[in-house]
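Working notes for the structure below.
The values are calculated or read from the model by the stated rules, or taken from the named source; none is laboratory data. Note that the coordinates shown come from a computational prediction; the quantities given were computed from them, not determined experimentally. All Cβ positions, even for glycine, are placed from backbone atoms using ideal geometry, and neighbour counts span all protein chains on display.
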Amino acid sequence: MTDTDRPDTDRPDTAHLDGTRFDTAAIHAGQDHDPVTGAVIPPVHFSTTYAQDGIGGLRHGYEYGRAGNPTRTALETQLAAIEGGARALSFASGLAAEDALLRAVLEPGDEVLLGNDVYGGTYRLIDRVLGPWGVRLRVVDLSDTEAVDAALAARAPKVVWVETPSNPLLRIADIRALADKAHAAGSLVVVDNTFASPALQRPIGLGADVVVHSTTKYLGGHSDVVGGALVFADRALAEKAQFQQFAVGGVSGPLDAWLTTRGIKTLALRMERHSANGQAVAEFLERHDRVARVYYPGLSSHPGHEVAAAQMSGFGGIVSLALGDAAAARRFAESTRVFALAESLGGVESLVNYPDAMTHASVRGTELAVPDDVVRLSVGIEHIDDLLQDLDGALAAL
Ligand SMILES: *Cc1c(COP(=O)(O)O)cnc(C)c1O
């Protein structure tokens, strides 16, 4: 096999799923019963290599584990179905997915226009890894229409990178409006859909070219597997990224792919509870005297509420709050009991994070710095009364 003629692995036949609803596709896409045993749950394929029927006689395109693996194929089929894309690719982490995409689309001298509170690791990847290879970066507030117009008019970027809701300030960008403008300027539109998940928001249907995920978060959903994904509206671009996946090798391992597939089967149910709990927590905090500000797109006081209500079917489980000063924010983050003090988000269990010194420490002092009185909550799917009691106790102790 040469570098350029890498065969496409067979995708399981999911034609019978056409027209099924999200919840059904999440459970069945890519999950064809094992043809030999009838096993309802397809087995995890650990084999790194595949017997050939004569030289080059591949069965269903499988040859070597980096190039293709049936468990990864099953996950990629499921991801494409739930995001409404033509093709998906699964990676070892969200950042490995981002790296493969950016290598596939950028050349030295190209520019990425980045929202001003995207995930800090995305900023670091473009600034410190791709920057030395000649990739340029411009940062703009994507919820500010005039700033976006000016940025696109000044010099068309190769890529417009959108994260909505954003991390940790839950800013909302209008995906359809941004996609229309960016496409008119000739730019590619990438949406990091990690916070909403496809259960609540499907960017390809709103005009995005590529969706990025850290499947570590809501898709895996149980804080037990690191992974990432790309979903493409267009097959030709998917093939360029697939070449990067194959040639660089940041693929997901079989067990990681299988755990992610299992997580996705309950995504719709989990996101309903995350959203209900998130809304209740946000409303509770908004009423509380000790809280200076609450960031949650489900609150009518949120500046992006209308856009979020139009492009999302729920507001998700991430709620941030400002406590007026850094000392109070730190004390609060260290005194909850049900909410564990930890990085990451999107699992069934509730977590509390102090971005300035934890998740966003790498963007301190940059345009992406987070105010030092902000605390981010990843609201889990526990009983709401236990969550509110815990938050109330931590606020009372301030
Ligand atoms: C966590 C995260 C990433 C990075 O994903 P990893 O799986 O940690 O590599 C990217 N974007 C967002 C919004 C994230 O929360």
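For region 230-252, the count of residues that are closer than 30 Å to residue 373 by Cα, within 13 Å of the ligand (Cβ to nearest atom) and among the small types (Gly, Ala, Ser) is zero. From the list 119, 62, the lone residue that is of a type in the set (Phe, Trp, Tyr) and over 24 Å from residue 162 (Cα atoms) is 62.
Residues satisfying the criterion are absent from region 222-231 (criterion: crowded, with 24+ Cβ neighbours inside 10 Å, without any contact (Cβ under 8 Å) to a residue 40 or more places away in the chain, in contact with a helix residue (DSSP H, G or I) (Cβ under 6 Å, 6 or more places away or on another chain) and outside the structural domain of residue 304 (by TED's automatic domain parsing)).
For region 44-163, which fully contained strands (runs of 3 or more DSSP E) count at least 1 residues that are in contact with a Lys or Arg (Cβ under 7 Å, 6 or more places away or on another chain)?
Working: elements: 87-91, 111-115, 136-140, 159-163.
Strands (runs of 3 or more DSSP E) meeting the threshold: 87-91, 111-115.
The C-beta contact set for region 32-56 (first residue aliphatic (A, V, I, L, M), second residue at pLDDT below 95 and surrounded by 11 or more Cβ atoms within 10 Å (Cβ to Cβ), distance under 7 angstrom, 6+ apart or interchain) comprises 39/33; 40/33. For region 183-217, a residue qualifies if it is touching a residue at least 40 places away in the same chain (Cβ under 8 Å) and farther than 27 Å from residue 23 by Cα, and the qualifying residues are 187, 188.
Considering region 50-83 alone, what residues qualify as being charged (D, E, K, R) and within 29 Å of residue 197 (Cβ to Cβ)? Break it down into steps so the answer makes sense when it comes.
Narrowing region 50-83 to residues charged (D, E, K, R): 53, 59, 63, 66, 72, 76, 83.
66, 72, 76, 83 - these are the residues of region 50-83 that are charged (D, E, K, R) and within 29 Å of residue 197 (Cβ to Cβ).
Regarding region 117-136, can at least one residue be identified that is within 12 Å of the ligand (Cβ to nearest atom), acidic (Asp, Glu) and surrounded by 19 or more Cβ atoms within 10 Å (Cβ to Cβ)? Checked region 117-136: at least one residue is within 12 Å of the ligand (Cβ to nearest atom), acidic (Asp, Glu) and surrounded by 19 or more Cβ atoms within 10 Å (Cβ to Cβ).
Just give me the residues in region 354-398 being part of a loop (DSSP other than H, G, I, E, B) and among the basic types (Lys, Arg), in sequence order. Before you say what the answer is, go through the steps one by one.
Going residue by residue through region 354-398, those that are part of a loop (DSSP other than H, G, I, E, B) are 354-360, 364-373, 379-383, 397-398.
Selection gives 364 alone.
Quick check on region 187-196. Is at least one of its residues more than 14 Å from the ligand (Cβ to nearest atom), within 24 Å of residue 148 (Cβ to Cβ) and polar (S, T, N, Q)? Looking through region 187-196, at least one residue is more than 14 Å from the ligand (Cβ to nearest atom), within 24 Å of residue 148 (Cβ to Cβ) and polar (S, T, N, Q). Pairs meeting the criteria (first residue in region 81-105 and under 25 Å from residue 23 (Cα atoms) and near the ligand (Cβ under 9 Å from one of its atoms), second residue in a helix (DSSP H, G or I) and among the small types (Gly, Ala, Ser), beta carbons under 8 Å, at least 6 apart or on different chains) are 91/97; 91/100; 94/121. If you go through region 279-306 and keep only what is assigned to a loop (DSSP other than H, G, I, E, B) and in contact (Cβ under 8 Å) with a residue 40 or more places away in the chain, you end up with 288, 290, 291, 292, 296, 297, 302, 303, 304. Would region 205-215 turn up any residue that is surrounded by 24 or more Cβ atoms within 10 Å (Cβ to Cβ), over 21 Å from residue 126 (Cα atoms) and within 16 Å of the ligand (Cβ to nearest atom)? Among the residues of region 205-215, not one is surrounded by 24 or more Cβ atoms within 10 Å (Cβ to Cβ), over 21 Å from residue 126 (Cα atoms) and within 16 Å of the ligand (Cβ to nearest atom), which makes the answer no. The set of residues from region 35-54 being in contact with a His (Cβ under 8 Å, 6 or more places away or on another chain) and surrounded by 10 or more Cβ atoms within 10 Å (Cβ to Cβ) comprises 39, 42.
Taking the conditions exactly as written (more than 18 Å from the chain's Cα centre (by Cα), surrounded by fewer than 24 Cβ atoms within 10 Å (Cβ to Cβ) and under 26 Å from residue 170 (Cα atoms)), does residue 244 satisfy them or not? No; evaluated as a whole, the condition is false for this residue. The conditions of being closer than 23 Å to residue 125 by Cα, within 11 Å of the ligand (Cβ to nearest atom) and among the small types (Gly, Ala, Ser) are not met by residue 173.
Take the conditions crowded, with 24+ Cβ neighbours inside 10 Å, under 16 Å from the mean Cα position of the chain (by Cα) and not polar (S, T, N, Q) and apply them to residue 92. Does it pass? So residue 92 does not fit the description; no. Every condition in (1) more than 16 Å from the ligand (Cβ to nearest atom); (2) surrounded by fewer than 21 Cβ atoms within 10 Å (Cβ to Cβ) is met by residue 202 except one, and the failing one is (2).
All of (1) in contact with a strand residue (DSSP E or B) (Cβ under 7 Å, 6 or more places away or on another chain); (2) among the polar types (S, T, N, Q); (3) at pLDDT below 95 hold for residue 167 with one exception: (1). Going through region 317-346 one residue at a time, which ones are within 16 Å of the ligand (Cβ to nearest atom), touching a residue at least 40 places away in the same chain (Cβ under 8 Å) and part of a loop (DSSP other than H, G, I, E, B)? If the condition is that a residue be within 16 Å of the ligand (Cβ to nearest atom), touching a residue at least 40 places away in the same chain (Cβ under 8 Å) and part of a loop (DSSP other than H, G, I, E, B), then 317, 344, 345, 346 are the ones that fit. Among all residues of region 39-51, there is none that is closer than 30 Å to residue 151 by Cα, away from the ligand (no atom under 16 Å from the Cβ) and of a type in the set (Gly, Ala, Ser).
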